[in-house]
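The values are calculated or read from the model by the stated rules, or taken from the named source; none is laboratory data. Just so you know, these numbers come straight off a predicted model, no measurement behind them. Here the Cβ is made from the backbone with ideal geometry for all residues, glycine too, and neighbour counts use every protein chain on show. Each accessible area value is taken on the protein alone, full model and side chains, heavy atoms only, with ligands, DNA and RNA left out. Shrake-Rupley method; radii C 1.70, N 1.55, O 1.52, S 1.80 Å.
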Amino acid sequence: MLKDKIVGALNLQVKLEAQSSQFYLSMASWAESEGLNGTAEFLFRHSDEERQHMLKLVRFINERGGQAVIPALSAPKRKFVGLHEVFENLLSHETSVTESINKVVDLCLNLKDYTTHHFMQWYVAEQIEEEALARTILDKLNMIGSDSAGLYLFDRDLGSLMPSKGVV
Ligand code: FEO
């Protein structure tokens with residue numbers, strides 16, 4: 001049986017993962033409307049992955065005797081100046097997700113909840129991958145600058161990349 005404080009912290013994480021999914025869905029929609037189809041595919045997949053992260057938490061909370069709360073969400077940002085802003089936003093969002101996961105892990109240790117601590121290790125590893133990929137993408141964008149041929153190839157390659165695996 002989960003302690004109330006742990007249920008509260010996990011439900012906050014449910015909300016954050018749901019917000020991530022909505023945010024990346026909004027980015028994907030912007031990219032598709034701009035004709036950046038590879039980027040859009042990558043972000044649609046990323047949005048789906050975030051929903052899976054949320055569901056994994058929901059199922060864990062309920063299986064362990066708590067109640068997962070499905071939260072209301074505010075409308076995500078929908079206009080972006082360009083790809084650089086999209087991926088700056090993505091990295092900054094992922095950094096805040098990592099901070100939140102670290103707080104849950106910290107609480108698990110303080111309350112000696114080693115089962116939830118073990119469960120959260122999957123998220124810790126996932127965040128390392130996601131942050132590294134977002135940084136790699138930003139490095140590539142910085143290299144390309146405003147070169148249109150480079151941006152074309154970047155967009156095309158991103159279309160076949162999985163959000164939590166591999167590098168561009
Ligand atoms: Fe589920 Fe990208 O954090």
In Å², nearest 10: area of ASP106 left accessible to a 1.4 Å probe: 80
With all protein chains present, calculate the accessible area of LYS112 using a 1.4 Å probe and round the result to the nearest 10 Å². 140
What percent does the relative contact order of segment 42-168 come to when contacts are Cα pairs within less than 8 Å and at least six residues apart? 33
Using alpha carbons only, how many degrees (0 to 90, rounded to 10) separate the axis of helix 37-63 from the longest principal axis of the chain? 0
Roughly how tilted is helix 148-158, in degrees to the nearest 10 and between 0 and 90, from the longest Cα axis of the chain? 30
Tilt of helix 4-33 relative to the longest C-alpha principal axis of the chain, in degrees (0 to 90, nearest 10)? 10
Rounded to the nearest 500, the 222 nm mean residue ellipticity computed for the chain from DSSP H runs (n ≥ 4, each -39500 (n - 2.57)) alone is -27000 deg cm²/dmol
Quote the relative contact order of segment 1-112 in percent (integer), defining contacts as alpha-carbon pairs under 8 Å separated by 6+ residues. 37
With charges only on Cβ, +1 for K and R and -1 for D and E, what is the dipole size of segment 49-89 about its Cα centre, in debye, rounded to 20? 160
Determine ³J(HN,Hα), in whole Hz, for all residues of segment 118-125 in sequence, where each value follows from phi through the Karplus function 6.51 cos²θ - 1.76 cosθ + 1.60 and θ = phi - 60°; x replaces Gly and Pro. 4, 4, 6, 4, 4, 5, 4, 5
How large is ³J(HN,Hα) for each residue in segment 89-104, as worked out from phi by the Karplus curve 6.51 cos²θ - 1.76 cosθ + 1.60 (θ = phi - 60°), to whole Hz, x for Gly and Pro? 4, 5, 5, 5, 5, 5, 4, 5, 5, 4, 4, 5, 4, 4, 5, 5
What does the net charge come to around VAL104 if you take all other residues with beta carbon closer than 11 Å to its beta carbon, with K and R at +1 and D and E at -1? -1
Accessible surface ranking that places the most exposed of TYR123, TYR114 first, with a 1.4 angstrom probe: TYR114, TYR123
Solvent accessible area, Å² - VAL58, 1.4 Å probe, full protein context: 20
Fraction of alpha-carbon pairs in segment 1-119 farther than 20 Å apart, rounded to whole percent, equals 45
